[in-house]
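**Student:** Let me give you the structure first, and then I'll get to my questions.
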Amino acid sequence: MLRVRTYITGGQGGDQYNQFHFGGTTSGEAVIAAARTGQLWATLGGFLNSSYVFNVSGDVELVDATTGNILEIFPATPVTVEAEDTGDALPWATQGLIRWRTGVYEGGREVRGRTFIPGWPETASTAGDPTSAAVTAMFDAAGAFLTNSAGAGGLHVYSPTKGLSRPVSTRSVWDKWAVLRSRRS
């Protein structure tokens, strides 16, 4: 499976990163995976606060899903997306949430994934929730990303604890703001 990392800078908090996994295994699929990830951020960039910059790495990792070990690194064109909205940013911890579903069950639980979207401006929030325009923007961007990822082997959810990768079948967007907290050991 392929892993594409995005390094997110700016905003009020520290730097963040995001990673997507794809079912591909070749150099050509790696190039497509990085490009599609850049397109996702570019699609959302017009809605996000201009203090945020999304840097998609040009190093796409080929990862063994069972062990999590990196097997090879494929070169791809790095992508930088500067967000564009000039309104005041919401607090750093206030983020949009895209939920990825696979329809595949392992150990009695569905393999699911989540993507947190930082950098929303105050104009994207009403009564403490995302506006319908913000939810629609995330939903549409996630749908295009899911469809366009086919050339990279399809978008996947990776479970390092189970040592598996499964293809995403559907997406949804939470109509509340999410808070990304670090994992505890």
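**Student:** How many residues are touching a Leu at 6+ places or on another chain (Cβ under 8 Å) and within 13 Å of Val63 (Cα to Cα) if we restrict to the stretch 4-42?
**Tutor:** Number satisfying all stated conditions: 7.
**Student:** Tell me the residue from Val173, Val179, Val111, Val135 that is within 19 Å of Tyr17 (Cα to Cα) and out of contact with any Leu (no Cβ under 6 Å at 6 or more places or on another chain), please. Step through it out loud before you land on a result.
**Tutor:** Details: Val173 fails: within 19 Å of Tyr17 (Cα to Cα); Val111 fails: within 19 Å of Tyr17 (Cα to Cα); Val135 fails: within 19 Å of Tyr17 (Cα to Cα).
Just one listed residue meets the conditions, Val179.
**Student:** Any residue at all in the stretch 90-97 that is under 23 Å from Gly151 (Cα atoms) and of a type in the set (Ser, Thr, Tyr)? Give the derivation first.
**Tutor:** Applying the first criterion (under 23 Å from Gly151 (Cα atoms)) to the stretch 90-97 yields none.
For the stretch 90-97, residues under 23 Å from Gly151 (Cα atoms) and of a type in the set (Ser, Thr, Tyr): absent.
**Student:** Here's something else I'd like to know. Report whether or not Val111 is in a strand (DSSP E or B), surrounded by 15 or more Cβ atoms within 10 Å (Cβ to Cβ), at negative phi and in contact with a Gly (Cβ under 6 Å, 6 or more places away or on another chain). If you could, list the steps in order and put the result at the bottom.
**Tutor:** Working: in a strand (DSSP E or B): yes; surrounded by 15 or more Cβ atoms within 10 Å (Cβ to Cβ): yes; at negative phi: yes; in contact with a Gly (Cβ under 6 Å, 6 or more places away or on another chain): no.
No: the conditions fail for Val111.
**Student:** While we're here: Restricting to the stretch 51-68, count the residues that are over 17 Å from Gly10 (Cβ atoms), of a type in the set (Val, Ile, Thr) and either surrounded by fewer than 18 Cβ atoms within 10 Å (Cβ to Cβ) or within 16 Å of the chain's Cα centre (by Cα) (or both).
**Tutor:** Of the residues in that region, 3 qualify.
**Student:** Taking the criterion of being acidic (Asp, Glu), within 27 Å of Ala89 (Cβ to Cβ) and assigned to a loop (DSSP other than H, G, I, E, B), would at least one residue in the stretch 59-68 satisfy it? Explain how you work it out, then say what you get.
**Tutor:** In the first step, residues of the stretch 59-68 are kept if they are acidic (Asp, Glu); the result is 59, 61, 64.
If we keep only those that are within 27 Å of Ala89 (Cβ to Cβ) too, we end up with none.
Checked the stretch 59-68: no residue is acidic (Asp, Glu), within 27 Å of Ala89 (Cβ to Cβ) and assigned to a loop (DSSP other than H, G, I, E, B).
**Student:** Please determine, by comparing only the residues of the stretch 86-108 that are in a strand (DSSP E or B) and among the aromatic types (Phe, Trp, Tyr), which one is modelled with the lowest pLDDT. Talk me through it step by step, then tell me what you get.
**Tutor:** Within the stretch 86-108, the first condition is being in a strand (DSSP E or B), and the residues that meet it are 89, 95-106.
The next check asks that each one be among the aromatic types (Phe, Trp, Tyr); those that pass are 100, 105.
Values: Trp100: 98, Tyr105: 94.
Only one residue tops the list, namely Tyr105.
The values are calculated or read from the model by the stated rules, or taken from the named source; none is laboratory data. Bear in mind that the values here come from a model prediction, so they are computed numbers and not experimental data. Using ideal geometry, Cβ is built from the backbone for each residue, glycine included, and neighbour counts are taken over all protein chains shown.
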